[in-house]
Each structure stands twice: as C-alpha cells, then as structure tokens.
Amino acid sequence: MKMKREYLILGYGVSGHDAARLLSMNDIKFTVMDDNPERITTAEALWLKTHGEGIVNADKAAELIQNNAVECVITSPGVAKTHCVLQAAQHSGIAILSELSFAAGFLSGKKIGITGTNGKTSTVHMLYEVLNRQHVVAVKAGNIGNSLSGEAVKMPQSEAYVIEISSFQLEFADTLELEGAIITNIAPDHLGRYKNYEDYIQTKFSILNRVKKNGFAVMPYAVWKSYNPPIPKDIRCYLVGEQKKQGMEITADVDGIWMLENNRSKCMLGKNDMKFLGLHMYTNAALVLAANKCMGRDNDCAVDAVRNFNGLPHRIEWVASYNGVNFYNDSKATNPDASERALECFLDKSVVLILGGQDKKCSLEGLKNLICRCVKHLVLIGESKPIYQQYFNGIVPYDCADTLEEAVWSAYGHAKTGEIVLLSPACASFDMFTGFEERGNEFKRFVQQLINQK
C-alpha cells in the first residue's frame, strides 16, 4: 500500500494508538491530533515524536490539510462527523477513513462484519467460537474493545476476522470490503450523534454496501420487513425467521432454533439446550448458524459450538440467589430496547428493576409496556432520575437511589422469595461509571456485600 504525503490520526484513544503502531510498522509518515492531548502520557508523546511527526492541535491539523500535506485522515469512532478537522478535510477533498476501514486494508483473511443496535458482541463471540470449533484460525476485533489496527499489527494473516462494527465505524468506511455481514437488529440509539433516527438506520444499513460481490448478508426477517433495506443485487441475503410458519430455512422462537427440512421444522437447539436466556439471544444464535451456512461450513459443528456458548458478562448474567431472590446483571443494556429484551426473559416472574443512568433520549413506550407486565417496583438511579420519575409516576411504584450500592439494598428490600432483582438500566453509564463493565462489576460486588452482611 503506497502512500503520499502524511496521514493524520484524529483521536488518540485505543483506535488511534493502534493505528499509529500500524502506520509506523509500515513506514508511513503520520501526525496525531487529539482534543485532549493532556491524556497522552509523556512516554507516549515521545514515542509519537520519534516514530511519527508528533502531536498537533486542531488549528495546525487544519493548516496541514489546507496546505495539501495530508494524504488521508484516519478518524477514531468517538470523533463526531461535525468535528472541525473532518469538516476541513471534506472541504479540501482529503480522504477520510475510519480506523477500522483503514486497518482492514492490511488484512489478508476473510472479514465478516457484524453490526446492529444490540447483540453485536455476543454474536461476534459466538461466531468466533463456531469458527474455532471448525479449526479456523480466527480473530475477533473491532468495537468489542480491541481495535482492528491492533490485530493487523499482531495477526495480519489470519484465516478469518470476525469484526464488530458500530454505526460510528461505518461512517467513513467506503474502502471496507467484507465477505459477509450480519445485522442483529435495529432500534433507536445514539440519537444525539445523528440528525434523526432515519440517519442512524441508513448508517447501519450501509454495511450492506461494504459486502463484496457474491458475498452474503444475514439479518432477521423482522428487520428486513420493518425497514426494507436496499440490498445490492450482487450479494446473497439470508433471512432468519421469527415464526416457523414463515417458512424460513432457519427460525428462532421462544422455544429455540429450528431448521426447515423436507418442508418440516426440525429443532436444532431447544431453549434448554442453550446456556443463555432470551429470544433475542436465540435469534443471535440463529444468525450465526445462518452465516456459518453461507460460508459453506459444517452445521453440526456450529450447532455444538452454540450449545456450549456460555454467554457474556453483563448481559442478563445471573449473579447470585439469596433468600430465594435471584439477582441478574444486565449492565450492557444501555438503551431501552436492550432492557426490553431482558424483561421479556422474566414475563412469568415478578421483577424489581434498577433503571437509569445517562439518558439517550430514546422512546420509553415499549419499555413501559413491559414494565407494566412484569415489574412490581422500580429503583431509579443516575442523571435520568427526574425524567424517569415523571414518566413512570402513577404507572409503577418507585424509589430513587443516589448510588448503585443504595439501589441494590433498596431493590432487595422490595423483593420476595421467587422474585427477581434486575439491573437493566436502559441508559449509558458515563454519569456514574467509566463504562457498563464497571457498572456491572460494581453491581455484582454490592450484591455479594449484601449477602455477606445479612
């Protein structure tokens, strides 16, 4: 890959850091611009000066662009499209690539991209396990926490790359080429980033244009029916059904995963065969099995891998049982749609729900309907407390808690034997925590403290 002039890395978090290593490894000249340069350590700043052109501010970055000294801007997913440096690059006709799209150009193996509002990470891990079971040397990367640039540095010649791709990473991904794509679902999220919901939807579906000729796309029938996405004519589209009567080859329903054989539905995996909960997870598993089929790989091995998949932390994760009350950690539910999926798992139970955090301005109507069906009491936390107090007032009893520890004790106080305490906040975590992982880990710690102190 021959380059002219220098590359400009915009944003120096994990993605920017790893892109710098990849550029350096390939002897490509680069400069870094970050809005918070003070977070870059002295040692890292020295490395950047030694291996690149150092760190510049926004004004200097814009000057480099105007002087035609920049070949391409590599942007990190946390940088909004409206950033002044990106605006300057677009005005000057300078190429802009997401870090993920840039890194993909250095990889020789087949690339499968997975996007959607919820369920991406679980689907990535599940497909990775399915490939491993068939002795495919695979790498999982992208929005799951380890950047594709980092994997391009470590393992540029793997057989397959299973890549979680957020909407942010699809914004400047015109050069990305995938063998296949999986869309898990679409629901309102990140509306503060996009002009409107339609803009967000179009960004998600742009992954279909990144699939190479004769490649494949897999999505639930419900997504296809609801949004009618424009599917390129030169790729195969495989739909996963939601009811056996729809006649899809692979279907997921509340009882498990089914395959159509000789016009009859055969159960591949019943709900008791799998180690995770919920129709949404059965659908994710069905999407993985469909993708495995599109790749021409062994179905029995794939089914066995799904059967043994344990699920991931912070996703309807059972924590403990105490005095007949079961505690579940669903901290990854950072939007209302994800919390709806969690509550659907407990419709036959009585739930005390810990709800709230940094609000994403999504509709709460669907969540309200499920809360009315199975939630006996709410414990509200975080910045969204005033919003949720007003919204749920008169609908369901609630308490407010200033800390997550207080919320755990309050929730347990309202729960009886046979009932559920569920942390499923429907909000981002950044008002109180560094991320959903810290929020979930703290929840588990406070539950254990409660048990030990009682």
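A single entry from Lys225, Lys266 fulfils the requirement of being exposed (fewer than 13 other Cβ atoms within 10 Å of the Cβ), more than 23 Å from Asp348 (Cβ to Cβ) and at pLDDT 95 or above: Lys225.
Each residue in the range 264-291 was checked for being assigned to a loop (DSSP other than H, G, I, E, B) and on the phi < 0 side of the Ramachandran plot, and 4 pass. Which members of the range 82-135 meet the condition of being within 14 Å of Phe168 (Cα to Cα) and small (Gly, Ala, Ser)? Result: Ser98, Ser101, Gly113, Gly116.
Taking helices (runs of 4 or more DSSP H) as the structural unit, those lying wholly within the range 95-161 and holding at least 3 residues that are touching a residue at least 60 places away in the same chain (Cβ under 8 Å) and either more than 21 Å from Ala80 (Cβ to Cβ) or hydroxyl-bearing (Ser, Thr, Tyr) (or both) correspond to 120-133, 148-154. With respect to (1) more than 25 Å from Asn441 (Cα to Cα); (2) in a helix (DSSP H, G or I), the lone exception for Gly394 is condition (2).
Tell me, which residue of the range 262-281 that is in contact with a Lys or Arg (Cβ under 7 Å, 6 or more places away or on another chain) and not small (Gly, Ala, Ser) is nearest to Ala181 (Cα to Cα)?
If we take residues in the range 262-281 being in contact with a Lys or Arg (Cβ under 7 Å, 6 or more places away or on another chain) and not small (Gly, Ala, Ser), then His280 is nearest to Ala181 (Cα to Cα).
Please go through the range 48-62 and give me each residue that is in a helix (DSSP H, G or I) and either in contact with a Phe, Trp or Tyr (Cβ under 7 Å, 6 or more places away or on another chain) or touching a residue at least 24 places away in the same chain (Cβ under 8 Å) (or both), ordered by number. Leu48, His51, Ala58, Lys60, Ala61, Ala62 - these are the residues of the range 48-62 that are in a helix (DSSP H, G or I) and either in contact with a Phe, Trp or Tyr (Cβ under 7 Å, 6 or more places away or on another chain) or touching a residue at least 24 places away in the same chain (Cβ under 8 Å) (or both). Filtering Ser429, Ser384 for residues that are among the small types (Gly, Ala, Ser) and touching a Phe, Trp or Tyr at 6+ places or on another chain (Cβ under 8 Å) leaves a single hit, Ser429.
Output yes when any residue across the range 320-338 is within 24 Å of Asn143 (Cβ to Cβ), of a type in the set (Val, Ile, Thr) and touching a Pro at 6+ places or on another chain (Cβ under 8 Å), and no when none is. Yes, some residue in the range 320-338 is within 24 Å of Asn143 (Cβ to Cβ), of a type in the set (Val, Ile, Thr) and touching a Pro at 6+ places or on another chain (Cβ under 8 Å). In summary, Gly435 fulfils each of the numbered conditions (1) farther than 23 Å from Leu312 by Cα; (2) under 26 Å from the mean Cα position of the chain (by Cα); (3) not hydrophobic (A, V, I, L, M, F, W, C) with the single exception of condition (1).
Taken over the range 26-44, the criterion of being in a helix (DSSP H, G or I) and either surrounded by 15 or more Cβ atoms within 10 Å (Cβ to Cβ) or among the polar types (S, T, N, Q) (or both) is satisfied by Thr42, Glu44. For the range 224-257, filtered to residues that are free of Cβ contacts under 8 Å to residues at least 12 places away in the same chain and assigned to a helix (DSSP H, G or I), the residue that is nearest to Asn209 (Cα to Cα) is Lys225. Can you work out which of the residues in the range 292-346 that are under 23 Å from the mean Cα position of the chain (by Cα) and assigned to a strand (DSSP E or B) is surrounded by the fewest Cβ atoms within 10 Å (Cβ to Cβ)? Among residues in the range 292-346 that are under 23 Å from the mean Cα position of the chain (by Cα) and assigned to a strand (DSSP E or B), the one surrounded by the fewest Cβ atoms within 10 Å (Cβ to Cβ) is Trp318.
Residue selection: Ser149 satisfies the criterion of being buried (at least 21 other Cβ atoms within 10 Å of the Cβ) and over 24 Å from Arg307 (Cβ atoms).
Scanning the range 347-363 for residues that are outside any strand (DSSP E or B) and farther than 23 Å from Arg193 by Cα returns Leu347, Asp348, Lys349, Ser350. Is there a residue being part of a loop (DSSP other than H, G, I, E, B), in the same structural domain as Ala407 (by TED's automatic domain parsing) and either crowded, with 16+ Cβ neighbours inside 10 Å or touching a helix residue (DSSP H, G or I) at 6+ places or on another chain (Cβ under 6 Å) (or both) anywhere in the range 364-381? So far as the range 364-381 goes, yes, one or more of its residues are part of a loop (DSSP other than H, G, I, E, B), in the same structural domain as Ala407 (by TED's automatic domain parsing) and either crowded, with 16+ Cβ neighbours inside 10 Å or touching a helix residue (DSSP H, G or I) at 6+ places or on another chain (Cβ under 6 Å) (or both).
Just to be sure before I move on: is Ile183 within 25 Å of Phe102 (Cα to Cα), at pLDDT 95 or above, assigned by TED's automatic domain parsing to the domain that holds Ile250 and under 16 Å from the mean Cα position of the chain (by Cα) in the structure I sent? I'd like the intermediate steps shown before the answer.
Details: within 25 Å of Phe102 (Cα to Cα): yes; at pLDDT 95 or above: yes; assigned by TED's automatic domain parsing to the domain that holds Ile250: yes; under 16 Å from the mean Cα position of the chain (by Cα): yes.
Judged against the criteria, Ile183 is a match.
The values are calculated or read from the model by the stated rules, or taken from the named source; none is laboratory data. Since the model is a prediction, treat every value here as computed from it, not as a measurement. So basically every Cβ, Gly included, is an ideal-geometry build from the backbone, and we count neighbours across all protein chains shown.
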